[in-house]
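Before any comments, here is the structure.
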Amino acid sequence: MWFRNLIFTLAAGLIVTSCGDKSKGPSSSGKGSEILVVCSKSVWTGPAGDSIRKALIHNMEGLPETEPEFTLLNIQDNDFSKSLHSNRNILLIDIKNENAESKIETLKDEWSQPQRVFKISAGSDTAFFAIFRKHADAIRELYNQNERAWFCSQNEADPNTVTERTLSGEFGIQMAVSRAFQIESKRKDYLCLRSVTANGNLTLVIYTCSFKDSSQLNPASVLQLHRQLTANCIAGKQSGFKTSLEGDSLRRISQVILFKGMYALETRGFCRQEGDTLAASFLNYTIVDAPRQRIIVFDGLVDFAGKPQRNGIRQLESIIWKANFIAPDRASDQ
């Protein structure tokens, strides 16, 4: 177990040699989870291209079908015209003998927003391998963060102010929720939001309870609560969902992280309704809100009826990771 966000933040800090942070600019373009890789054909088809694909086309954990974290699209150097500068995820590779030293430059919102651009310069394939291998995890995580930022910008562009006020006033949680999500059901400690899309349904449950002891963050306890929340919000009076885990080991999709500086357990898997051959992906964050002595649970479900679910998970991540918790001494002011 390790604190992913802390490590990636530190690693990312080591590779930044220049950082633009534009406050204004056109909206970024590109398909969901797509990275534009700008390099020569020889680089793309050679060992350097192989190392890029190996690092960035990881299978996303917890999905019922194999889906890569990112789709890579190669563009030749000469074809990287101004019209492509607005793509939100760009990787520029420059390998040539004239490069005296290897370096990585990362730019934020350089030509559009939100946008993440990396430029890696090296004098040879060997030099490229050395620097890329050292920072590949941080690069991948920053691209993941940028995907969440893009979905969050969509949420903020069309906010559901009623739901946001409910979360702030009754749950002490500030979140950016779009009008696509409507309140399905609600009680004092529980709110179920649902969005009906062309691909299927997205559901997000926000649940709070008193903190008792660390057993509440035991993976088995988290999954049992997930089943209960799913049955309450998703299945209704139907026969219920069974939760299945990808692979034999729970550790493969369950890990301790820091969520906004708070101890949390992240769990990913998929659910299958009884009698149904199609699976729905779920994403669960169980967080210790120490100032309020409570547990906060964000439990999201992507039910896309056999269609790709990667971007649905990213959309739920964008809502969850934007959450901020109101300090107890401020709650009465909301």
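One table, with the values for the structure above:
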| read-out | value |
| --- | --- |
| Area accessible to solvent at residue 179, 1.4 Å probe radius, in Å² | 140 |
| Area of residue 207 that stays accessible when all protein chains are in place (1.4 Å probe, Å², to 10) | 40 |
| Order of exposure, largest accessible area first, which applies to 69, 147 with probe 1.4 Å | 69, 147 |
| Accessible area of the stretch 84-222 belonging to carbon and sulfur atoms, whole % at 1.4 Å probe | 46 |
| Local electrostatic count, residue 73, Cβ distance below 13 Å [Lys/Arg +1, Asp/Glu -1] | +1 |
| Separation of the residue 57 and residue 327 label points, Cα + 7 Å toward Cβ, nm | 4.9 |
| Gyration tensor (alpha-carbon) shape descriptor, the stretch 149-199, a/c threshold 1.5 | oblate |
| Using a Förster distance of 22 Å, the FRET efficiency for residue 196-residue 174 (Cβ separation, nearest 0.05) | 0.30 |
| Candidate residues 165, 194: accessible-area rank, largest first, probe 1.4 Å | 165, 194 |
| Shape of the stretch 36-82, Cα gyration tensor, a/c cut at 1.5 | oblate |
| Between the stretch 29-106 and the stretch 140-202, the Cα center-to-center distance that results, in Å | 30 |
| Potential lengthening between residue 224 and residue 98 on full extension [0.36 nm per residue; Cα-Cα distance subtracted] | 39.5 nm |
| Cα gyration tensor, the stretch 77-141 - rounded (a/c under 1.5), prolate or oblate | oblate |
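The values are calculated or read from the model by the stated rules, or taken from the named source; none is laboratory data. It should be emphasised that the depicted structure is a prediction, and the values quoted were computed from it without experimental measurement. In this analysis, Cβ positions are derived from the backbone assuming ideal geometry, glycine residues included, and neighbour counts consider all displayed protein chains. Heads up: the accessible areas ignore ligands, DNA and RNA and are worked out on the full protein's heavy atoms, side chains in. Shrake-Rupley method; radii C 1.70, N 1.55, O 1.52, S 1.80 Å.
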